[in-house]
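Quick notes on the structure that follows.
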Amino acid sequence: VRHLYICDFHKNFIQSVRNKRKRKTSDDGGDSPEHETDVPEVDLFQLQVNTLRRYKRHYKLQTRPGLNKAQLAETVSRHFRNIPVNEKETLAYFIYMVKNNKSRLDQKSESSKQLE
């Protein structure tokens with residue numbers, strides 16, 4: 001039997017992941033809203049105001065004029081959390097694009113060449 005050495009840092013990391021997984025599936029009342037969705041939080045407050053405005057314009061979000069950065073970030077964040085995502089399809093598409101060394105912008109330029 002071959003043994004692999006795992007450093008203490010990674011051993012503790014693996015153990016903490018196992019403990020979190022056990023808590024989720026345990027029968028100690030895991031019906032709370034915390035356990036229903038395991039969505040990572042995205043900090044949109046770190047984005048620049050121009051980026052938030054472009055997001056708002058792209059998705060045609062209705063807001064009152066003159067919002068400050070915090071209000072705009074909150075509006076964008078609320079919208080971002082409510083966008084439905086097909087995770088399998090998104091991951092498959094991402095992996096395909098990475099393996100083929102392409103980006104979404106490449107597709108747009110190829111489709112415009114076909115129109116000519």
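The values are calculated or read from the model by the stated rules, or taken from the named source; none is laboratory data. Bear in mind the structure is a predicted one, so any value in this text is a computation, not a measurement. Glycine also receives a Cβ, built like all others from the backbone with ideal geometry; neighbour counts cover every protein chain displayed. In case anyone asks, the SASA skips ligands and DNA or RNA and just uses the protein heavy atoms, side chains included. Shrake-Rupley method; radii C 1.70, N 1.55, O 1.52, S 1.80 Å.
A search for C-beta distances below 7 Å between a residue of the range 56-84 that is in contact (Cβ under 8 Å) with a residue 12 or more places away in the chain and any residue that is in a loop (DSSP other than H, G, I, E, B) and among the polar types (S, T, N, Q), counting only pairs 6+ apart in sequence or on different chains, returns Lys56/Thr63; Thr75/Thr63. Residues in the range 41-54 that are within 15 Å of the chain's Cα centre (by Cα), open to solvent by less than 90 Å² (accessible area, probe 1.4 Å) and not hydrophobic (A, V, I, L, M, F, W, C): Asp43 only. Would you be able to tell me the number of residues in the range 65-103 that are surrounded by 10 or more Cβ atoms within 10 Å (Cβ to Cβ) and outside any helix (DSSP H, G or I)? Summing the residues that are surrounded by 10 or more Cβ atoms within 10 Å (Cβ to Cβ) and outside any helix (DSSP H, G or I) in the range 65-103 gives 3.
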